[in-house]
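The values are calculated or read from the model by the stated rules, or taken from the named source; none is laboratory data. Nothing here was measured: the structure is a model prediction, and the numbers come from that model. What goes into the accessible areas is simple: the full protein's heavy atoms, side chains included, and nothing from ligands, DNA or RNA. Shrake-Rupley method; radii C 1.70, N 1.55, O 1.52, S 1.80 Å.
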Amino acid sequence: MIHIKDMTRDDRQTFAEVGQGRLDIPTMVSVAEASGVKWLLVEQDVCERDPFESVVTLSYEYLRRSNPTAIAIELRSNPFRESSLT
């Protein structure tokens with residue numbers, strides 16, 4: 001299993017939806033597959049959009065479209081937003 005995230009392309013360098021940021025996700029997935037990884041775990045720590053849209057509509061759908069292999073993809077969204085911690 002590999003825990004996968006992405007990072008924004010701007011100077012903030014915060015979390016981005018998988019496939020929307022600066023990290024080379026296709027290479028990560030290829031190396032994971034070649035190494036025998038069976039699961040990709042997607043966690044969206046900070047959501048600038050609706051959490052469901054961030055995790056399912058963007059991250060999951062990106063990986064599903066770009067990952068025609070047998071690697072399973074698990075989705076997780078952090079239920080605690082920064083505003084709820086203060």
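Expressed in Å, the radius of gyration and Dmax of the Cα atoms of segment 1-64 are 11.6, 34.
How do THR14, THR27, THR8 rank by accessible surface area computed with a 1.4 Å probe, from largest to smallest? Could you put the intermediate results ahead of the total?
Working: THR14 40, THR27 70, THR8 15 Å².
The ordering from most to least exposed comes out as THR27, THR14, THR8.
Amide H to amide H distances under 5 Å link ALA16 with ASP6, MET7, THR8, where only residues 5 or more positions off or on other chains count and H is placed in the peptide plane.
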